Structure formats: structure tokens, C-alpha cells
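*Asks:* I have a structure I would like to understand better, so I am pasting it below and will then ask my questions one at a time.
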Amino acid sequence: MMPAEPPALHAPVRLKLDSDALVSNWRALAKKSGSALCGAAVKADGYGLGARAVVKRLAAEGCKDFFVAHWREAEKISDLVPSEQISVLNGLTAVDTVAARKIGAVPVLNTKEQIATWKAAGGGRCHVMLDTGINRLGIGPEQLSSELLDGLDIDILMSHLASADEDSEQNERQRVLFGEMSAGIDCKRMSLANSAGIMLGTGYHFDLTRPGLSLYGGIARPEMEGVISPVVSIEARVLQVRSLQANDPVGYNATFECPSDMPVATIALGYADGYLRAFSNNGCAKFDGKALPVIGRVSMDLVTLDASLAPDLREGDWVSIDYDLEGASETSGLSQYELLTGLGDRFDRIWE
Ligand SMILES: *Cc1c(COP(=O)(O)O)cnc(C)c1O
């Protein structure tokens, strides 16, 4: 007789990921982009959700421009879409050119050196990043000359906004400078706006927009409230429920002391999963609609909850974690970006 298959190993922590919300967010951002096409930033493994799952769903909706940061990230999705639809934001070194040819994704050239490297490797379709004031990556106004870009086959000429999530004068300065710097440069398309930039209006849309955060439910600007839906929710299994007594300490360094006799639940989530220590004595979970505040310190693999309001809670139950991105950002002091990209690889990622 064949031995029975061992049961599949399920993780005690899971991300529930809402396919419809992801797709409707992309559609909403595409609509707000007006006549510009709408791409998708899927770097950092699709902001922690899983780049392959995200790319499959958005490609099926008609998205044709995917942005990653690293070549390895390009390779991981290169069987899912035509390779010229993948752009690598962080540029390339001479060593990368071999992989670049093999993968076929398009480099974003950020520096004189990268331009020379690309030309020396034989050139071909590329994108160019102009730095209009974020002063991070790209060709600055003082470096730009007509010879520099001569002979390049430029698809997307792009720049990146530094403060699109604020009503800052820097937005308009960058938009104007982008227009000035691009004058006379031969390219197929121009692109400036990230998620927040899309909401700044038509003048920021050019030919293509590049949202990331808001695809995944992030509220990059207040105007997105009601337009963008949450995509990610976190659930964790209860590993133990204990009845503690008044004055009992909880967790590392005893940062919580029970004010009275109370049930305390320990769940299978920790900072190694991206639920960082900022949620110590601060975050909250729910069971059956009842609030279970985080008490004590978040540790690597465990979080302790005050289960006073859920006397029925038992070992093996699942609780949901309060992870509404705006609220959790306020509670923890972490950005919505950090809350997403920190989600680790111990979760079962379940797309519904
Ligand atoms: C990450 C990134 C984006 C997406 O930004 P969001 O704020 O997440 O929408 C767009 N363009 C570039 C160059 C990026 O690095």
C-alpha cells in the first residue's frame, strides 16, 4: 500500500488578499489617470503581497507596464508578461547587462555611467530617469546635455515626485522642470506620477502613470478615501490562552502588568513577520467583532492579547489583526509603505 500523503503544512499566520480590490484599485487609478495609460509598481515583491500574483491579475486587466527595482525581481516575473513590459528602476552595471539581455526587461538608465554601459553593451530599447528635485536617482539638470542621450532608443522618459502626498510647491516645480528638461529629447512616452501624483491632476499624467502603494490599498492622499479599497488583511492563530492574575507581568521586560485577573491569548505573529515592535502595548486584534488589545512587547514569533472581551476564545481559533493601513500607520508611526513591504515570507498568502 502507498503511504498516505502527509497533510499540507499550513502556516499559523495568513494574509487574506482581495483580488477584486486589487483590480478595482488599478481600474480606479487608470480612470483617474485620464488619457494616460496606467502601469504598476510591483517592486519589493509587489509591496509584500507577492509580485507574481499581482502581475497575473493586473496583466489580465490590461496593465502593460510593470516596474521593479532589481534585475532579480524582473527575472521572477519574466515568464508572466512580454519582457519589454518590465522596467528595472535601479539601472544596471556592466555585469547586469548579460542578465539584462537574457531576461529582456528594459533598464531605466539613471546615470552617465549607466548610459555608457548600455551603449557599450549594444544599446537597444531603454528608459531614462531625469532627476527634477528628489535628488536620489537620475540625470540632474546640470548633467543633461543633448550629446549625453544621443543614440539611445528611449521608450519612457521619466521623473519621480518627492512630495506628491503633500500640497507642496515642490510638485509644481518638478512638473515644470520635467517639461523643460524633456524639451528636444526624443522619446516615445513620458511619465511622472506615482499613486499620489495621479491625484494632482491632468498636468501630472503625461503618457503613463506608475502607481504602487494605492494598488495595494494605501491611501496616498486624502482624495483617495472611498476610491481605494483595502487589499490585505492579516490573521493569526491562537497558540495558547491563559488566565493571569492581577499584577502578573506579560512578555519581555514585563512592559505590561495585569491590572486585574484576565485571560491572555498568545498568537503566532511577531516582528519577524513584519508586525514590528511599534505595536507593543499599542496594536489590536479582533475576534468575533470583539477588540483584543496587544499587551506587552511584540516578540519575534509571538504577540500577547488581552482577551477579556472574548471569554470564548480558545487555542486554535484565528484572530484578525487591525491593519487598516492609515490607522495602523498612525498607531505605529510606520509608513503605509513599511507596513506592506515588511510583511514576511512565513504567511500563507491566500488570494480570494
Ligand atoms: C516606487 C515607485 C513608484 C510607485 O510609487 P507609489 O508611491 O508607491 O505609488 C513610482 N515610480 C518610481 C520611480 C518608484 O520608485
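Bear in mind that the values in this text are calculations on the coordinates, not laboratory data. Please read these numbers as outputs of a predicted model, since none were measured by experiment. Reconstructed Cβ throughout: ideal geometry from the backbone, glycine too, with neighbour counts over all protein chains shown.
*Asks:* Enter the mean projected area of the convex hull around the alpha-carbon atoms of segment 19-221, in nm², rounded to one decimal.
*Replies:* Details: hull surface 41.1 nm².
Projected area, direction-averaged: 10.3 nm².
*Asks:* With charges set only on the Cβ (+1 for Lys and Arg, -1 for Asp and Glu), what does the dipole of segment 266-323 come to about its Cα centre, in debye to the nearest 20?
*Replies:* In debye, rounded to 20, segment 266-323 gives about 200.
*Asks:* Give the long-range amide H neighbours of M190: residues separated by 5 or more places, or on another chain, with amide H under 5 Å away, using H modelled in the peptide plane at 1.01 Å from N.
*Replies:* Hits under the 5 Å cutoff: L157, D207, L208.
*Asks:* Tell me, what are the semi-axes, in whole angstrom and largest first, of the equivalent ellipsoid of segment 282-352 as set by the roots of 5 times the Cα gyration tensor eigenvalues? Spell out each step's value before the answer.
*Replies:* Numbers: eigenvalues 91, 48, 31 Å².
Gyration-tensor ellipsoid for segment 282-352: 21, 16, 13 Å.
*Asks:* Further, regarding this structure: State, to one decimal in nm, how far the label point of K31 lies from the label point of E147, with both points 7 Å from Cα in the Cβ direction.
*Replies:* A separation of 5.1 nm, rounded to one decimal place.
*Asks:* When the scattering of segment 232-323 is computed by the Debye formula from its Cα atoms alone, each counted once and equally, what is log10 I(q)/I(0) at q = 0.10, 0.24, 0.25 Å⁻¹?
*Replies:* -0.20, -1.28, -1.38
*Asks:* Taking θ as phi - 60°, what are the ³J(HN,Hα) couplings along segment 53-61 by the Karplus curve (6.51, -1.76, 1.60), each to the nearest whole Hz, with x for Gly and Pro?
*Replies:* With coefficients 6.51, -1.76 and 1.60, one gets 5, 5, 4, 4, 5, 6, 4, 5, 8 Hz.
*Asks:* Calculate one ³J(HN,Hα) per residue across segment 153-166 by plugging θ = phi - 60° into the Karplus curve 6.51 cos²θ - 1.76 cosθ + 1.60, and present them in order as whole Hz with x for glycine and proline.
*Replies:* Along segment 153-166, the couplings run 9, 8, 7, 9, 9, 10, 9, 10, 7, 8, 9, 5, 7, 10 Hz.
*Asks:* Can you work out the PRE-style zone for K112? Point 7 Å along Cα to Cβ, and I want the residues of segment 135-177 with backbone N under 15 Å.
*Replies:* 138-150
*Asks:* What distance in nm lies between label points placed 7 Å from Cα along the C-beta direction at L137 and R125?
*Replies:* Taking the simple label geometry, L137 and R125 are separated by 1.9 nm.
*Asks:* Something else: Place a +1 charge on the Cβ of each Lys and Arg in the chain and a -1 charge on the Cβ of each Asp and Glu, then give the dipole magnitude about the Cα centre in debye, rounded to the nearest 20. Each step should come with its number before you reach the end.
*Replies:* Working: 33 positive and 47 negative charges, 165 e Å.
Approximately 800 debye in magnitude.
*Asks:* Let me ask something additional. In sequence order, what are the phi-derived ³J(HN,Hα) couplings for segment 337-343 according to the Karplus relation 6.51 cos²θ - 1.76 cosθ + 1.60 with θ = phi - 60°, rounded to whole Hz, with x for glycine and proline?
*Replies:* In residue order, the calculated couplings are 5, 5, 4, 7, 6, x, 4 Hz.
*Asks:* Taking the mean number of other Cβ atoms within 10 Å as a proxy for protection, how do you rank 4-11, 135-142 from highest to lowest?
*Replies:* Answer by packing, highest mean first, reads 135-142, 4-11.
*Asks:* Let me ask another. Label points 7 Å out from Cα along the Cβ direction at K102 and S24: separation in nm?
*Replies:* Going by the 7 Å Cα→Cβ label model, 4.3 nm.
*Asks:* Restricting things to Cα coordinates, could you compute the convex hull volume per residue of the chain in Å³?
*Replies:* Taking only Cα atoms, the chain has a hull volume of 179 Å³ per residue.
*Asks:* Would you compute the Debye intensity of segment 161-224 from its alpha-carbon atoms alone, equal scatterers and no solvent, and pass along log10 I(q)/I(0) at q = 0.12, 0.18, 0.22, 0.27 Å⁻¹ to two decimals?
*Replies:* Rounded to two decimals, the profile gives -0.30, -0.64, -0.89, -1.21.
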